[in-house]
Each structure stands twice: as C-alpha cells, then as structure tokens.
Amino acid sequence: MAVTAANLRHSAGLTDGGVYFDCLDPASGATRPTIIMIHGGAHTGSCYLRTADGGPGWAYAFAARGHRVVVPDWPGCGRSGFVAPDRLTGETVVHGLGTLVASLPPPLVLMTHSMSGAFGWRLLELYAARIARVVAVAPAPPGNIQPEPEVLDESDAAVVFKNGAQRIRLDKNALSVADRDFVEHKLVGDGRFFPRDRIDAYTASLLPIAPRLLYERRNINGSQVRVRDVAALRDKRVLVLTGTNDLDHTRDADGAIVAWLTAAGAAVDFVYLGDRGIVGNGHMLMLEQNSDAVAALVLDWLERA
C-alpha cells in the first residue's frame, strides 16, 4: 500500500541533546520495528524523504510497510542545534544521535549511509540492547580496520597526506564544501540511475562538513571512530548494501567490513547489487531512480526472521 496523507502521520521533534528529527507513522499504527535513518556527510535527513527527482523517498517506502520511520539530522547539521565546527567530532555526532536512540522504545533498526557508517558501528556497541538490526548502505568502516594514510606534513592549520598516489591538503580551520566536480565523481560517478538534469540542484542542496569530521573520516593518525568492545556486536543482524558503480565502495572495500563484522560474531548479509541483477547504482542509492527497487531488497531482508 502506498503511503498517502490519509494513512500517514508526519511529526517532528527535538531530543534533549538538540537533535532534530522527522517522524513518519502509519496512521493505523506501526506494525514493525522503528527504523532510524541516519544520513551521510554533506547531507541532512531530507535525503531519505525525497529522491533527486522529487519523488517520495525511502522513509515513505518503509512507512508503507508498517515501520515507524525516524529521520534525524546530525548534531550541528540541518535543523539540529548548533555545534561549533571545532567541536564537531565523530563522538559528538554519536553522542547526539545516541540521545535519539535512547528515547525510542526497542527493538530498533539503525540505517546508516556513507560517512555515518562509522557512527553506526559505535552506536550499535553503545546501544546493543536497543538496536536489533543495522542496515549499512555503502558504509564507512570503523577505525578498527580502516588504514591510516601517510601524513606528509601537519601543523595547527593543515595536514597534508597521501591517498594512494594523490597528495591531499586538508585545512583544519575551514569547512569543506562539496562542489559539482565532487558530486559528479564521488556521489554520482558513472552510475546510470542518478538523474543528470538534477545534479546542479542536488549540488546546491549539500551542506559544508566540519574539518574534524573529514580528518577522522580519512583516519588521519588513527582518528576514525572505533568500536571499543567488539563483543557487543555478537549475534547482531547486519545488512551491508553496495552498488556496482560506487567508486569508493567496491565489493572488496565493503567486503572487508563484512569480514570484520563476521569475525566479531555478528550475523552479516552482504548484498552487492550486481549479484541481484541490479547494475548501475552509484553512492546515493536512496536518491536514484530505482530507489524503490533497492528499498524493496532491504525491506525483504528486514522481514525475514
């Protein structure tokens, strides 16, 4: 059944930790676990509400199947409370999102995407008793397994490091803004499901990222968010989902996360979309033109015992 204004209740809230969230509830009441959809870097929760071409997003698809869907903005991002950029670390984001997780009745499903993947592994550790399952879409690895780049030079103002053969300078005091080149080569890539006529509007919708978050995402000096007690992940159900045309999330790259989770005792399923006959998705699967088909795979996984 499609979700319409007649069978959906939309509300919004703010946690004690200053985290804003949208909430979609089936009007007749949720029949399945609450799912928290956490956006990636440069985005807000709106990426789950609308696709790139303006259609209803994953939040609506999951609400249509009986889930209460809660869609937050990171602390210091979107409509959540202000956090000074120099204090906006991964653990700050985890703490803020944790106030939302702690406020919702279990069992919960946690969905993460991209940069928030690392936050999700830490949240699963901290709230293992509340989170029953994790859906990790093209997720960042935890600091436990992410390689450290070679640092060539570092000062209070900037750090210069190597990424493969590439030399990168990260300004420690400036927000990073995604430009069209980044969108075309990283977020869209050579995929065939992102509407090309929407790239300019999409680029304009993106938010700047605090420098410390990027520093950690690169795992410079081992700074990426880590899981401290991997025993907390034992027996947790996890789905890792990856598109075929995601340049930074190859089968091998995300497969390494699957191997780490398996070694920790989690019950992991890895869905590489090409193995399901779905070829051509880039990094932003929830925004692409076949997003409903991808959502259906996730929903089928959630409904399996």
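Bear in mind that the values in this text are calculations on the coordinates, not laboratory data. Source: prediction; values computed, not measured. Heads up, the Cβs are rebuilt from the backbone with ideal geometry, glycines too, and the neighbour counts pull from every protein chain shown.
Amide H contacts for residue 278 (H built 1.01 Å from N in the peptide plane; partners 5 or more residues away or on another chain; cut-off under 5 Å): none found.
What ratio of Cα Rg to 2.2 N^0.38 Å holds for region 135-176? Can you show the working numbers first?
On the way: Rg = 12.9 Å, N = 42, 2.2 N^0.38 = 9.1 Å.
Here the answer is 1.42, to two decimals.
Global dimensions of region 147-305 from alpha-carbon coordinates: Rg and Dmax equal 17.9, 52 Å. Global size of region 59-117: 12.9, 41 Å for Rg and Dmax (C-alpha atoms, Rg to one decimal, Dmax whole). Angle of helix 116-126 to the longest C-alpha principal axis of the chain, folded into 0 to 90 degrees and rounded to 10: 70°. Using a Gaussian network for the chain with springs between C-alpha atoms less than 10 Å apart, which of these wobbles most: 277, 143, 41? Looking only at 277, 143, 41, the biggest GNM fluctuation is shown by 277.
Divide the volume of the convex hull around the Cα atoms of region 45-196 by the residue count and you get 150 Å³ per residue. Counting only DSSP H runs of at least 4 residues, each contributing -39500 (n - 2.57), and dividing by the residue count of the chain, the helix-based mean residue ellipticity at 222 nm comes to -7000 deg cm²/dmol.
Residue by residue, region 260-275 carries 3J(HN,Hα) couplings of 5, 4, 4, 5, 7, x, 6, 9, 10, 10, 10, 10, 8, 4, x, 6 Hz when phi is fed to the Karplus relation 6.51 cos²θ - 1.76 cosθ + 1.60 (θ = phi - 60°); x denotes Gly or Pro. Result for the chain in a Gaussian network model with C-alpha springs under 10 Å: among 259, 118, 165, the largest mean-square fluctuation is at 165. For the chain, with a Gaussian network of springs between Cα atoms less than 10 Å apart, report the residue from 122, 196, 50 with the top mean-square fluctuation. Between 122, 196, 50, it is 196 that shows the largest mean-square fluctuation.
Relative protection proxy for 106-114, 151-159, from highest mean packing down: 106-114, 151-159 (other beta-carbon atoms within 10 angstrom).
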